[in-house]
Amino acid sequence: MFTHALPRRITIALCAFLLALVLLPAGAQATSPARQSLETATNRILNFIKNPDYVNPATRGPIRQQIEDEVLHIFDFSEFSSRTVGPRWRNFTPEQKREFSDAFADLLINTYLNKIDGYNGEQVLYTGEVSSAKGDRTEVRTVVTMKDGKKVPVAYRMLPKNGKWLVYDVLIENISLVKNYRTQFQDILNTDSPENLIARIKAKAMEVRQEHGK
């Protein structure tokens, strides 16, 4: 089984995703479509988390499903998947691509959402954006200040698709989640089939769900 990539960094990424746009000073509000898309999704997720029913295990399920739906709307897991697998993606059948994307999304979403309760008062500041020359890629940058005072840069790489901007990679301390997973998946695909990689991801996603009683 592949290792569970960057658990601490995933925690930071989640906190940044949920809080970066809420803690900004009034003068730093975004005007770019990418930032606006991230802000809209963030505000919706925060409203769900603030719901008193979310802390009650008996009523958390439906609210968590709504949060998952919002994450699916802001993250492009198809793009995330193809970039993570790398050149071997072209060798996957359409069905394998669909299964891989669904399983990988399930793993990442549950990993992210299971870290919500681990938020420990980290502060997040939006610091700017960098766009490609063509304007078809944007990196939205934030800095997370941990409880011990350490500042951790977190950036969201986004692209436009179907009329909206979507996240296709997250960089924490300048380390890409796509590249981190790609290293592990390529090692597996060097000796194993796409079907077995998909089975491993599904098993890991199930393990994450079971660890948190979902």
query = Within region 79-91, is there a residue that is farther than 30 Å from residue 191 by Cα, touching a helix residue (DSSP H, G or I) at 6+ places or on another chain (Cβ under 9 Å) and crowded, with 20+ Cβ neighbours inside 10 Å?
reply = no
key: Answer from 174, 190, 162 - the residue that is within 19 Å of residue 97 (Cα to Cα), loosely packed, with under 13 Cβ neighbours inside 10 Å and of a type in the set (S, T, N, Q)   = 190
remark   = residue 101: passes all of (1) over 20 Å from residue 68 (Cα atoms); (2) open to solvent by less than 60 Å² (accessible area, probe 1.4 Å); (3) at pLDDT 80 or above; (4) not aliphatic (A, V, I, L, M) but (1)
request  = Only one of these is closer than 23 Å to residue 97 by Cβ and either over 17 Å from the mean Cα position of the chain (by Cα) or not hydrophobic (A, V, I, L, M, F, W, C) (or both): 184, 210. Name it.
outcome  = 184
ask   = If we scan region 23-33, do we find a residue that is open to solvent by 20 Å² or more (accessible area, probe 1.4 Å), among the hydroxyl-bearing types (Ser, Thr, Tyr) and modelled with pLDDT under 75?
value = yes
query = Could we say that residue 106 is at pLDDT below 70 and part of a helix (DSSP H, G or I) here?
reply = no
message = Condition first: among the β-branched types (Val, Ile, Thr) and touching a Gly at 6+ places or on another chain (Cβ under 8 Å). Now tell me which residues in region 161-187 satisfy that.
response = none
request  = Could you please find all residues in region 132-154 being closer than 21 Å to residue 165 by Cβ and either in contact (Cβ under 8 Å) with a residue 60 or more places away in the chain or part of a loop (DSSP other than H, G, I, E, B) (or both)?
outcome  = 132, 133, 134, 135, 136, 137, 138, 140, 142, 154
task = May I ask you to verify whether residue 71 is of a type outside the set (Gly, Ala, Ser), modelled with pLDDT of 80 or more and either open to solvent by less than 50 Å² (accessible area, probe 1.4 Å) or not in a helix (DSSP H, G or I) (or both)?
result = yes
task = Have a look at 150, 179 and point out the one that is more than 25 Å from residue 87 (Cα to Cα), of a type in the set (Lys, Arg) and surrounded by fewer than 15 Cβ atoms within 10 Å (Cβ to Cβ).
result = 150
message = Need pairs with beta-carbon distance below 6 Å; first residue aromatic (Phe, Trp, Tyr) and within region 203-214, second surrounded by 14 or more Cβ atoms within 10 Å (Cβ to Cβ) and modelled with pLDDT of 85 or more; sequence gap 6+ or separate chains.
response = none
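The values are calculated or read from the model by the stated rules, or taken from the named source; none is laboratory data. Just so it is clear, the structure is predicted and the values come from calculations on it, not from any experiment. Neighbour counts are summed over all protein chains in view; Cβ atoms, including those assigned to glycine, are modelled from backbone coordinates with ideal geometry. For the accessible areas, the whole protein counts, side chains as well, though only heavy atoms, and no ligand, DNA or RNA atoms are used. Shrake-Rupley method; radii C 1.70, N 1.55, O 1.52, S 1.80 Å.
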